[in-house]
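Chemist: Attaching a single structure in structure tokens format; questions to follow.
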């Protein structure tokens with residue numbers, strides 16, 4: 001037998017993107033070994049405690065066999081989700097919802113539902129970086145429309161979006177409140193997208209996992225758009241809402257029964273989402289709306305603090321974002337990836353440094369975001385204040401090369 | 001504006017298979033409403049209690065924030081998996097493993113890893129029906145090689161398999177012990193597959209979730225095959241092993257670091273598997289090997305009982321399976337889908353009936369399995385005995401049309 005060939009991976013496997021947010025982790029670990037305290041503004045992991053009602057439900061799980069659950073989701077969770085959406089005047093029935101393993105699964109289910117291989121989905125960059133990974137797994141193409149720090153990352157005009165539509169375009173994917181930008185689209189912006197979807201026969205995939213985190217104005221759900229029942233697919237998750245990122249509970253929701261039937265069949269293939277967390281999520285959804293008010297106030301203070309501190313740094317460009325818990329800002333550095341790494345390898349202020357997420361990871365267009373960083377305000381106010389002081393000092397030193405190192 | 005077109009789903013969405021096992025559920029629910037007790041031999045949901053060590057670990061989860069875990073899996077779970085495999089003389093390092101959300105995710109990760117759209121993966125039918133759903137999501141083609149009840153569903157000769165290989169073939173996917181057949185492949189059979197993989201430059205995807213459930217002979221892991229380090233990808237799960245199907249904890253394992261790097265990047269996209277269950281799975285994996293001995297003895301008795309009872313039914317064809325907890329048998333009926341439905345809608349013995357999984361759902365070739373059913377022996381011995389008595393009576397009545405209904 002001839003010496004066997006080396007076995008080759010698929011094309012999409014080779015192109016699967018590494019998480020750009022996680023690329024800096026080895027440098028962070030080195031810094032920690034040197035005894036440097038790092039303020040992690042780089043990941044969207046909230047520090048807010050998971051509701052005790054959730055944790056109590058976990059501890060109360062008392063079945064002797066941890067069996068497969070219903071593929072669509074536990075009946076009580078589905079009913080509670082219906083009630084949850086009703087608070088926002090969104091009228092869904094249980095048949096309009098499939099519980100998913102995190103918002104992640106909802107996104108990949110939706111992509112597969114609307115697009116075949118090499119079909120196109122329009123996204124607004126900067127966007128949630130993991131959309132890239134899901135698109136590669138599903139082998140669909142994300143077509144970016146760029147938005148800008150100078151305009152608070154709001155949508156461009158209709159023509160600019162329509163220019164990107166080809167016969168292969170199947171959907172527009174939006175996130176409002178947005179990660180990484182914190183932008184909250186207005187009703188007019190969403191209506192503009194709806195009119196494009198209707199005129200060009202597209203789906204609207206709406207990632208609304210930060211629904212409650214709106215500090216100015218009101219959140220508009222894609223479900224509120226007129227004549228869009230067949231086109232809207234909402235992607236949702238309890239991860240941020242209840243600070244339960246490790247639970248892996250989300251949902252996909254649509255009034256389009258063909259979409260829901262497909263989502264259910266994909267759900268049947270993978271059997272079910274985690275049973276214990278479904279029971280716990282049901283309890284969390286029963287919390288009164290006041291639960292969010294307190295958390296929103298906390299995040300609002302953090303946003304105001306981070307924004308004000310950023311405004312104190314000469315050369316920073318950003319408009320105060322209205323939602324989520326991120327600020328995407330232009331920093332006065334040429335290459336933010338180099339700067340972010342340098343903050344870990346070469347800089348500290350009183351043995352402290354700050355870690356940010358470099359902008360390019362949130363863009364599909366090569367070269368975009370080189371001077372931008374995402375700052376997640378997921379630390380308490382004191383730590384945030386200190387983190388921003390360290391960041392400001394770091395920028396100053398970085399821009400005086402003779403002083404650096 | 002013209003009246004908008006109806007928005008269309010993707011081709012793969014339209015082709016997404018419904019779970020054939022779940023098709024009969026509405027009829028079962030009707031029967032239950034009529035007060036009929038149903039013996040569920042149709043699903044692979046074990047009745048064995050989940051280990052109390054697992055449940056205790058769930059209750060002991062005491063972090064205040066249920067945060068994202070490591071995308072590769074919790075460090076302690078990865079280390080425990082390394083120790084678990086060592087018991088079977090499988091030498092892995094933590095870098096060779098990515099924890100997945102159930103075996104389901106491991107399967108889809110592996111398919112995407114080795115195959116692009118329209119690439120082919122060879123499977124031996126009858127096979128685990130959800131392979132179809134994953135293949136459709138990944139948009140790869142499953143190419144079936146048929147195996148037969150008469151030969152205990154063991155593999156055909158090498159030529160018969162090689163005939164199915166085309167330039168688009170990327171892998172062979174096997175499950176041993178097998179679902180739905182209970183077949184356990186011999187070392188020689190696996191070596192034959194290995195030689196094909198080496199000669200034709202293919203991956204070997206090996207679903208080993210029933211590793212412990214072998215009643216005659218020994219389980220051979222694909223990891224034990226010579227010169228196959230770069231080609232073997234093992235798909236695994238704690239669902240059956242620890243009767244923890246609702247936990248959604250599995251793993252993908254390979255010595256091929258390109259495969260593992262891809263799996264990790266897919267893992268990063270979906271962030272992490274459920275955190276609480278990872279902690280609990282770690283505890284379950286620490287159970288002494290004796291844990292499995294007791295359970296294996298219980299299943300062995302059940303297999304023997306079901307097999308003996310089947311042999312009492314005239315016209316049944318099957319060879320005693322060596323593993324898992326399924327028997328795939330030819331029943332003396334023309335159309336097993338009709339028979340299985342009839343058992344729910346038209347038959348009962350002393351207000352009891354038996355539900356089986358019809359064969360065709362486990363075949364890719366249309367028309368195959370029409371007279372076969374999968375029987376899952378996941379009930380206690382008394383219930384199984386009664387279920388088989390009811391099944392036997394049902395077959396008798398079904399085959400005497402004048403008596404039925």
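Chemist: Of everything in segment B:157-167, what is surrounded by fewer than 16 Cβ atoms within 10 Å (Cβ to Cβ) and without any contact (Cβ under 8 Å) to a residue 40 or more places away in the chain? Give them in sequence order.
Modeler: Pass one, segment B:157-167, residues surrounded by fewer than 16 Cβ atoms within 10 Å (Cβ to Cβ): B:157-160, B:162-164, B:166-167.
Residues satisfying the conditions are B:157, B:158, B:159, B:160, B:162, B:163, B:167.
Chemist: Can you name the condition, by its number, that residue B:328 falls short on among (1) within 21 Å of residue B:129 (Cβ to Cβ); (2) over 20 Å from the mean Cα position of the chain (by Cα)?
Modeler: (2)
Chemist: Filter segment A:158-188 for residues that are under 18 Å from residue A:128 (Cβ atoms) and not in a loop (DSSP other than H, G, I, E, B) and give the result.
Modeler: Narrowing segment A:158-188 to residues under 18 Å from residue A:128 (Cβ atoms): A:171-185.
Of everything in segment A:158-188, those that are under 18 Å from residue A:128 (Cβ atoms) and not in a loop (DSSP other than H, G, I, E, B) turn out to be A:171, A:172, A:173, A:174, A:175.
Chemist: Can you tell me which residue among A:170, A:136 is in contact with a strand residue (DSSP E or B) (Cβ under 8 Å, 6 or more places away or on another chain) and either crowded, with 23+ Cβ neighbours inside 10 Å or at negative phi (or both)?
Modeler: On the way: A:136 fails: in contact with a strand residue (DSSP E or B) (Cβ under 8 Å, 6 or more places away or on another chain).
After ruling out the rest, the residue left standing is A:170.
Chemist: Can I ask one more? Taking segment A:342-359 only, how many residues are over 15 Å from residue A:41 (Cβ atoms) and part of a helix (DSSP H, G or I)?
Modeler: Filtering segment A:342-359 for residues over 15 Å from residue A:41 (Cβ atoms) gives A:342, A:345-346, A:348, A:350-351.
With part of a helix (DSSP H, G or I) added as a condition, the list becomes A:342, A:345.
So the answer is 2.
Chemist: Continuing with this model, one more query. Which residue, of B:298, B:309, B:334, B:372, is within 26 Å of residue B:186 (Cβ to Cβ), at pLDDT 95 or above and surrounded by fewer than 24 Cβ atoms within 10 Å (Cβ to Cβ)? Spell out the reasoning first.
Modeler: Values: B:309 fails: within 26 Å of residue B:186 (Cβ to Cβ); B:334 fails: within 26 Å of residue B:186 (Cβ to Cβ); B:372 fails: surrounded by fewer than 24 Cβ atoms within 10 Å (Cβ to Cβ).
The conditions single out B:298.
Chemist: Quick check on segment A:343-359. Is at least one of its residues crowded, with 18+ Cβ neighbours inside 10 Å and over 28 Å from residue B:67 (Cβ atoms)?
Modeler: no
Chemist: Regarding residue A:379, is this residue touching a helix residue (DSSP H, G or I) at 6+ places or on another chain (Cβ under 7 Å) and either more than 16 Å from residue A:27 (Cβ to Cβ) or surrounded by fewer than 17 Cβ atoms within 10 Å (Cβ to Cβ) (or both)?
Modeler: Values: touching a helix residue (DSSP H, G or I) at 6+ places or on another chain (Cβ under 7 Å): yes; either more than 16 Å from residue A:27 (Cβ to Cβ) or surrounded by fewer than 17 Cβ atoms within 10 Å (Cβ to Cβ) (or both): yes.
So residue A:379 passes the test.
Chemist: Sort out which residues of segment B:268-279 are more than 17 Å from residue B:112 (Cβ to Cβ), assigned to a helix (DSSP H, G or I) and within 7 Å of another protein chain (Cβ to nearest Cβ), and write them in order of number.
Modeler: B:275, B:276, B:277
Chemist: Could we say that residue B:99 is more than 9 Å from chain A (Cβ to nearest Cβ), touching a residue at least 12 places away in the same chain (Cβ under 8 Å) and within 17 Å of the chain's Cα centre (by Cα) here? Show your work before the answer.
Modeler: Working: more than 9 Å from chain A (Cβ to nearest Cβ): yes; touching a residue at least 12 places away in the same chain (Cβ under 8 Å): yes; within 17 Å of the chain's Cα centre (by Cα): no.
It is false that residue B:99 is more than 9 Å from chain A (Cβ to nearest Cβ), touching a residue at least 12 places away in the same chain (Cβ under 8 Å) and within 17 Å of the chain's Cα centre (by Cα).
Chemist: Looking only at segment B:12-20, decide whether some residue is outside any loop (DSSP other than H, G, I, E, B) and surrounded by fewer than 17 Cβ atoms within 10 Å (Cβ to Cβ). Before you say what the answer is, go through the steps one by one.
Modeler: In the first step, residues of segment B:12-20 are kept if they are outside any loop (DSSP other than H, G, I, E, B); the result is B:12-15.
Add one more test, that the residue is surrounded by fewer than 17 Cβ atoms within 10 Å (Cβ to Cβ), and what stays is B:14-15.
The answer is yes, given that some residue of segment B:12-20 is outside any loop (DSSP other than H, G, I, E, B) and surrounded by fewer than 17 Cβ atoms within 10 Å (Cβ to Cβ).
Chemist: While we're looking at this one, here's another question. Pull up segment A:21-39, narrow it to residues that are surrounded by 17 or more Cβ atoms within 10 Å (Cβ to Cβ) and within 13 Å of chain B (Cβ to nearest Cβ), then point me to the one that is farthest from the chain's Cα centre (by Cα).
Modeler: A:22
Chemist: Quick one: count up the residues across segment B:203-219 that are surrounded by 21 or more Cβ atoms within 10 Å (Cβ to Cβ) and without any contact (Cβ under 8 Å) to a residue 60 or more places away in the chain.
Modeler: Final tally of qualifying residues: 3.
Chemist: Sticking with this structure for a sec: Over 17 Å from residue A:312 (Cα atoms) and surrounded by fewer than 22 Cβ atoms within 10 Å (Cβ to Cβ) - does that describe any residue in segment A:386-393? Please lay out each step first, then the result.
Modeler: Here is the first cut: in segment A:386-393, the ones over 17 Å from residue A:312 (Cα atoms) are none.
No, segment A:386-393 has no match at all.
Chemist: Further question: Name the single residue, out of those in segment B:224-239 being closer than 19 Å to residue B:77 by Cβ and away from chain A (no Cβ under 11 Å), that is farthest from the chain's Cα centre (by Cα).
Modeler: Checked segment B:224-239; the qualifying residue farthest from the chain's Cα centre (by Cα) is B:234.
Chemist: Which of the residues that make up segment B:40-63 are assigned to a helix (DSSP H, G or I), touching a residue at least 60 places away in the same chain (Cβ under 8 Å) and within 8 Å of another protein chain (Cβ to nearest Cβ)?
Modeler: B:54, B:55, B:58, listed by residue number.
Chemist: Then there's this: Restricting the search to segment B:64-83, which residues are in a loop (DSSP other than H, G, I, E, B) and either at positive phi or out of contact with any helix residue (DSSP H, G or I) (no Cβ under 7 Å at 6 or more places or on another chain) (or both)?
Modeler: First, the residues of segment B:64-83 that are in a loop (DSSP other than H, G, I, E, B): B:64-74.
Of everything in segment B:64-83, those that are in a loop (DSSP other than H, G, I, E, B) and either at positive phi or out of contact with any helix residue (DSSP H, G or I) (no Cβ under 7 Å at 6 or more places or on another chain) (or both) turn out to be B:64, B:65, B:70, B:73.
Chemist: Which numbered condition trips up residue B:105, out of (1) within 9 Å of chain A (Cβ to nearest Cβ); (2) out of contact with any helix residue (DSSP H, G or I) (no Cβ under 8 Å at 6 or more places or on another chain); (3) in a loop (DSSP other than H, G, I, E, B)?
Modeler: The one condition residue B:105 does not meet is (3).
Chemist: Which condition number in (1) part of a helix (DSSP H, G or I); (2) more than 10 Å from chain B (Cβ to nearest Cβ) is the one that residue A:111 fails?
Modeler: It is condition (2) that residue A:111 fails.
Chemist: Let me ask another. Just name the residue that is farthest from residue A:15 (Cα to Cα) out of those in segment A:115-149 that are away from chain B (no Cβ under 14 Å) and part of a loop (DSSP other than H, G, I, E, B).
Modeler: Here is the first cut: in segment A:115-149, the residues away from chain B (no Cβ under 14 Å) are A:122-126, A:143-149.
The next check asks that each one be part of a loop (DSSP other than H, G, I, E, B); those that pass are A:126, A:147-148.
Values: A:126: 20, A:147: 25, A:148: 27 Å.
Filtering segment A:115-149 for residues that are away from chain B (no Cβ under 14 Å) and part of a loop (DSSP other than H, G, I, E, B), the one farthest from residue A:15 (Cα to Cα) comes out as A:148.
Chemist: With respect to residue A:155, is the statement that it is within 21 Å of the chain's Cα centre (by Cα) and assigned to a helix (DSSP H, G or I) true? Spell out the reasoning first.
Modeler: Numbers: within 21 Å of the chain's Cα centre (by Cα): yes; assigned to a helix (DSSP H, G or I): no.
The answer is no for residue A:155.
Chemist: Next question. Listed residues B:66, B:81; which is under 30 Å from residue A:133 (Cα atoms), touching a residue at least 40 places away in the same chain (Cβ under 8 Å) and facing chain A (nearest Cβ under 10 Å)?
Modeler: Answer to the check: B:66.
Chemist: Let me ask you something else. Can you pull out every residue in segment A:175-197 that is without any contact (Cβ under 8 Å) to a residue 40 or more places away in the chain and more than 22 Å from residue A:109 (Cα to Cα)? It would help to see each step written out before you state the result.
Modeler: Step one: list which residues in segment A:175-197 are without any contact (Cβ under 8 Å) to a residue 40 or more places away in the chain, which gives A:185-197.
Within segment A:175-197, A:185, A:186, A:187, A:188, A:189, A:190, A:191, A:192, A:195, A:196 meet the criteria.
Chemist: Hey, among B:303, B:265, which residue is touching a strand residue (DSSP E or B) at 6+ places or on another chain (Cβ under 9 Å) and either within 9 Å of chain A (Cβ to nearest Cβ) or assigned to a helix (DSSP H, G or I) (or both)? If you could, list the steps in order and put the result at the bottom.
Modeler: Working: B:265 fails: touching a strand residue (DSSP E or B) at 6+ places or on another chain (Cβ under 9 Å).
None of the other options fit; the residue is B:303.
Chemist: Now, a different point. Which condition number in (1) modelled with pLDDT of 95 or more; (2) not assigned by TED's automatic domain parsing to the domain that holds residue B:80 is the one that residue B:278 fails?
Modeler: (2)
The values are calculated or read from the model by the stated rules, or taken from the named source; none is laboratory data. Because the structure is predicted, anything quoted here is derived from the model rather than measured. Ideal geometry is used to build each Cβ from the backbone, glycine not excepted, and the neighbour counts take in all protein chains shown.
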